[in-house]
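Taken together, the values in this text are just the output of simple stated rules run on the coordinates, not laboratory data. Keep in mind that this is a model prediction, so the values were computed, not measured. Glycine also receives a Cβ, built like all others from the backbone with ideal geometry; neighbour counts cover every protein chain displayed.
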Amino acid sequence: MEHILDILKERGFIAQTTFEDELYEQLKTPTTFYVGFDPTADSLHIGHYIPIMAMAHMQRAGHQPIALMGGGTAMIGDPSGKTDMRKMMTVETIDHNVECIKKQMSRFLDFSEGQAIIVNNGDWLRHLNFIDFMRDIGSMFSVNKMLTADCYKARMATENGLSFLEFTYMLMQSYDFLELFQRYGCRLEMGGNDQWSNMLGGADLIRRKYQNREKAFACTFQLLLTHDGRKMGKTEAGALWLDPAKTTPYQFYQYWRNVDDKDVEKCLALLTFLPMDEVRRLGALKDSEINEAKKVLAFEVTKLVHGEEEARKAAEAASSLFGGSGAAAGNVPTLEVSADSLSQDARVSTLLVLSGLCKSQSDARKQIEQNAVSIDDEKVTDTAAAVTAEQLSGDGILLKKGKKSFCRVLLK
């Protein structure tokens, strides 16, 4: 049987590992590992999807995943990649977000009979005694070494600098690994490559605590970037969410349907379970044929995130819109407006914002001025243009921005 690290490497997941030869040996037997998820929102987004897929591959290879919800660390905030301190969230908001994310996780991992575990670090971090913690854990860390971490160096160079609150984040995350090792025998932390410094701290803490009698490892994944180094998953409406209420299955499908040709093979390898021979075959398609690979990518990723039925509906909707058929029009994203709201504001610019096609009124006006907006294939040229209740009755109108963003608008 192929080794799981070789599988993850072939598919493009692995960025860095500690003690790689030892880790190869460790993963020849069932191993408990964990990935942390920061509950700063009530949904996961596509940036979380790489570690989730890696967890699924690991589970299929016989290893036990722990999905660690950051109900405690979220009260501090990770300074990694941030130019300013995060806004403080209430305990109630954090706990609500944790529960929402727990539900989403069950779509990707098998939690039956302890096959995978979900835990919340708030269970131990929120009740720590500061003096005991600093004596037991803080004494294990060198400030000089911590200050060399990229996440700290970047913040110290900013005008507001680095708060002591955030400086303790590495200790908190490292303590998570120690706690999971002691509770569940967890020996491996996995996560995004931007967490490398924090993850090194955890693996090192366990080895130092047990005077190298116990082994602990860290392994990071590549971030989801385009071929030219830009972060993927950013849309005009914001993040590409895994929650259908935030990003509809159709919008989600369309995002992957429209990725750059150069990114198709990488996305197929990272975001689907297709065999690598098929991934390479699809990725090698050229010119117009690459569109078939994009359809496969969009369908497979949407199926994993939203289910096969929603993926099929999204594919049919896209086909009907771009193929000139109305057969699947019911699967197109739809906005229903009441007669009362229409009487107050019937502007096309408002409908563009309400439908999620534009971020703001100013963005909507700009799109209209650039001749990028149409209603039933008729260009809208007046920024003050409005629709009538009669237009929205029956099948409503098809509001379109650009070539590939649509929403059907109906009267309630």
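With a sphere of radius 11 Å drawn around the Cβ of residue 263, what net charge do the other residues whose Cβ falls strictly inside it have (Lys, Arg +1; Asp, Glu -1)?
In short, 0.
Between residue 336 and residues 5 or more places away or on another chain, which pairs have amide H atoms under 5 Å apart, with H built 1.01 Å from N, and which residues are they?
The list, which skips near neighbours in sequence, is 410.
At 7 Å along Cα-to-Cβ for each site, give me the label-to-label distance between residue 93 and residue 309 in nm.
3.5 nm
Enumerate the calculated ³J(HN,Hα) couplings along the range 371-377 in order (Karplus 6.51 cos²θ - 1.76 cosθ + 1.60, θ = phi - 60°), each rounded to whole Hz, writing x wherever the residue is Gly or Pro.
Result, ordered by residue: 6, 9, 10, 9, 10, 6, 6 Hz.
Between residue 193 and residue 361, what FRET efficiency follows from the Cβ-Cβ distance if R0 is 51 Å, with the result rounded to 0.05?
Efficiency for this residue pair is about 0.85.
Counting C-alpha atoms alone, how compact is the range 234-330: give Rg to one decimal and Dmax as a whole number, in angstrom.
Using the Cα atoms of the range 234-330, the pair Rg, Dmax is 13.2, 36 Å.
Looking at the chain, identify the longest residue range that excludes and avoids all GluC sites (Glu not before Pro) in DSSP loops having at most 16 other Cβ atoms within 10 Å.
237-412
Just want the ordering: 305, 353, 332, from fewest to most Cβ atoms lying within 10 Å of their own Cβ.
Ascending Cβ contact count within 10 Å gives the list 353, 332, 305.
Add +1 for every Lys or Arg and -1 for every Asp or Glu among the other residues with Cβ under 10 Å from the Cβ of residue 197, and state the total.
0
Taking amide hydrogens as modeled 1.01 Å from N in the peptide plane, which residues meet the under 5 Å criterion relative to residue 240, leaving out close sequence neighbours?
Hits under the 5 Å cutoff: 46, 235.
Pick out which of 170, 53, 140 has the largest mean-square fluctuation in a Gaussian network model of the chain, springs linking Cα atoms closer than 10 Å.
Evaluated over the chain, the most mobile residue of the options is 140.
Tell me, what is the FRET efficiency for residue 3 and residue 210 to the nearest 0.05, using R0 = 30 angstrom and their Cβ-Cβ distance as r?
For residue 3 and residue 210, the calculated efficiency is 0.70.
Among 197, 139, which comes first, second and so on when ranked by fewest other beta-carbon atoms within 10 Å?
Values: 197 19, 139 7.
So the residues, fewest neighbours to most, are 139, 197.
Can you give the helix-only mean residue ellipticity at 222 nm for the chain, where every DSSP H stretch with n ≥ 4 adds -39500 (n - 2.57) and the sum goes over all residues, rounded to the nearest 500 deg cm²/dmol? Write down the numbers at each step before the final one.
Values: 20 runs with 181 residues, N = 412.
For the chain, the value works out to -12500 deg cm²/dmol.
May I ask for the Kirkwood hydrodynamic radius of the range 4-221, worked out over all distinct Cα pairs and given in angstroms to one decimal?
Roughly 17.7 Å, rounded to one decimal.
So, in nm, how far is label residue 28 from label residue 113 when the simple model puts each one 7 Å beyond its Cα toward the Cβ?
Those two pseudo-labels are separated by 2.7 nm.
Please list the non-local residues whose amide H lies under 5 Å from the amide H of residue 64, H modeled 1.01 Å from N, same-chain partners needing a gap of 5 or more.
HN-HN under 5 Å from residue 64: 31, 32, 33.
Given 102/401; 103/234; 262/379; 262/303, which pairs have Cα atoms separated by over 27 Å?
Over 27 Å Cα-Cα: 102/401; 262/379.
From the phi of every residue in the range 275-289, what ³J(HN,Hα) in whole Hz does the Karplus formula 6.51 cos²θ - 1.76 cosθ + 1.60 yield, where θ is phi - 60° and glycine or proline is x?
So the Karplus estimates, Gly and Pro as x, are x, 5, 4, 6, 4, 5, 5, 5, x, 7, 5, 10, 6, 5, 5 Hz.
Compute the length gained on full extension between residue 288 and residue 153: take 0.36 nm times their separation in residues and subtract their Cα-Cα distance, giving the result in nm to one decimal.
44.0 nm
Could you go through the range 171-187 in sequence order and give the Karplus-derived ³J(HN,Hα) for each residue, using 6.51 cos²θ - 1.76 cosθ + 1.60 with θ = phi - 60°, rounded to whole Hz, and x for Gly and Pro?
With coefficients 6.51, -1.76 and 1.60, one gets 5, 4, 5, 5, 5, 4, 4, 4, 5, 5, 5, 6, 7, 10, x, 5, 10 Hz.
Treating cross-link reach as a plain straight distance, find the aspartates and glutamates whose alpha-carbon is under 15 Å from the alpha-carbon of residue 294, omitting any fewer than eight places away in the same chain.
Straight-distance partners of residue 294: 260, 261, 263, 265, 278, 316.
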